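This report refers to the structure that appears directly beneath it.
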Amino acid sequence: MNVSALRSRITIQKNETVVDQWGNHTSSWTDCFTCWATALTSGLQDSEEESAGHTVEADRMDFTVRYSSETAAIDSKHYRVLLGDRIYNILHVDDMGFKHNSRKLKCELAER
């Protein structure tokens with residue numbers, strides 16, 4: 001793993017259920033931790049998709065992070081990635097050969 005390539009500061013957010021003062025359950029994203037990552041565009045071509053009558057940009061990005069106890073807990077259902085002001089949904093988490101050196105997060109730009 002090339003440590004000098006870890007140049008992008010990302011924030012990992014976790015989806016949690018929050019109970020308000022009246023007992024209503026709502027889903028909210030909370031910051032879990034920040035770390036350095038290598039951010040590369042995916043090998044796939046950037047494309048556009050038609051969704052509900054409007055065109056949506058399908059921007060994909062791969063983030064490689066160092067393996068730690070915090071990054072070991074990341075899955076594609078409960079976590080997402082923030083890079084600057086852009087939100088990326090995690091599609092798949094690759095353990096990079098199960099060597100516990102790094103993890104690759106395959107992500108797609110979230111529609112807001």
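The values are calculated or read from the model by the stated rules, or taken from the named source; none is laboratory data. What you are looking at is a predicted structure, and each value in this text was computed from that prediction instead of being measured. Using ideal geometry, Cβ is built from the backbone for each residue, glycine included, and neighbour counts are taken over all protein chains shown.
Laid out as a table, the results:
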{"quantity": "First in the stretch 14-37 and under 24 Å from K104 (Cβ atoms), second anywhere and of a type outside the set (G, A, S) and exposed (fewer than 10 other Cβ atoms within 10 Å of the Cβ), Cβ under 9 Å, 6 or more apart", "calculated": "K14/T30; N15/T30; N15/K77; W36/V3; W36/R7; A37/R7"}
{"quantity": "The stretch 95-112, subset surrounded by fewer than 13 Cβ atoms within 10 Å (Cβ to Cβ) and at negative phi, residue modelled with the highest pLDDT", "calculated": "N101"}
{"quantity": "Selected residue (criterion: nearest to N101 (Cα to Cα)) from residues of the stretch 1-44 that are part of a strand (DSSP E or B) and among the charged types (D, E, K, R)", "calculated": "R9"}
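Here's the yes/no breakdown for (1) over 11 Å from the mean Cα position of the chain (by Cα); (2) at pLDDT 95 or above; (3) surrounded by 12 or more Cβ atoms within 10 Å (Cβ to Cβ):
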{"residue": "T38", "(1), (2), (3)": "yes, no, yes"}
{"residue": "G43", "(1), (2), (3)": "yes, no, no"}
{"residue": "E48", "(1), (2), (3)": "yes, no, no"}
{"residue": "S51", "(1), (2), (3)": "yes, no, no"}
{"residue": "V56", "(1), (2), (3)": "yes, no, yes"}
{"residue": "R60", "(1), (2), (3)": "no, no, yes"}
{"residue": "S68", "(1), (2), (3)": "yes, no, yes"}
{"residue": "S76", "(1), (2), (3)": "no, no, yes"}
{"residue": "Y79", "(1), (2), (3)": "no, yes, yes"}
